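Encoded as structure tokens, the structure appears first; notes follow it.
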Amino acid sequence: MAVIKVIEVLAQSEKSWEDAAQEAIREASKTIHNIKSIYIKEMEAQVEDDKITQFRINAKISFQLKKD
């Protein structure tokens, strides 16, 4: 039986929500291994001068714990 753990992360990008999601995975993978999925809970954008300047996400990342 596999044990899956879920963490919640926040990430942002100047490019897109997709890039923000990739950034979340990139940062999480520095300390977490066996990442299996990402679920985007919320998306938000910061606007300045009628243009989106930051794409932000709140996401859940799931990963499989290794057996000893």
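Each reported figure results from applying straightforward, stated rules to the coordinates on display, with no laboratory input. Given the structure is predicted, the values throughout are model-derived calculations rather than measurements. Note that we place each Cβ from the backbone using ideal geometry, even for glycine, and neighbour counts take in every protein chain shown.
Quick one: in segment 26-41, which of the residues that are small (Gly, Ala, Ser) and outside any helix (DSSP H, G or I) is nearest to Lys5 (Cα to Cα)?
Applying the first criterion (small (Gly, Ala, Ser)) to segment 26-41 yields 28-29, 37.
Next, from what is left, pick out any that are outside any helix (DSSP H, G or I): 29, 37.
Working: Ser29: 14, Ser37: 11 Å.
In this case the residue turns out to be Ser37.
Go through Glu44, Glu18, Glu23 for me and flag whichever is free of Cβ contacts under 8 Å to residues at least 40 places away in the same chain, part of a strand (DSSP E or B), surrounded by 12 or more Cβ atoms within 10 Å (Cβ to Cβ) and of a type in the set (D, E, K, R). Please lay out each step first, then the result.
Details: Glu18 fails: part of a strand (DSSP E or B); Glu23 fails: part of a strand (DSSP E or B).
Being free of Cβ contacts under 8 Å to residues at least 40 places away in the same chain, part of a strand (DSSP E or B), surrounded by 12 or more Cβ atoms within 10 Å (Cβ to Cβ) and of a type in the set (D, E, K, R) holds for just one of Glu44, Glu18, Glu23, which is Glu44.
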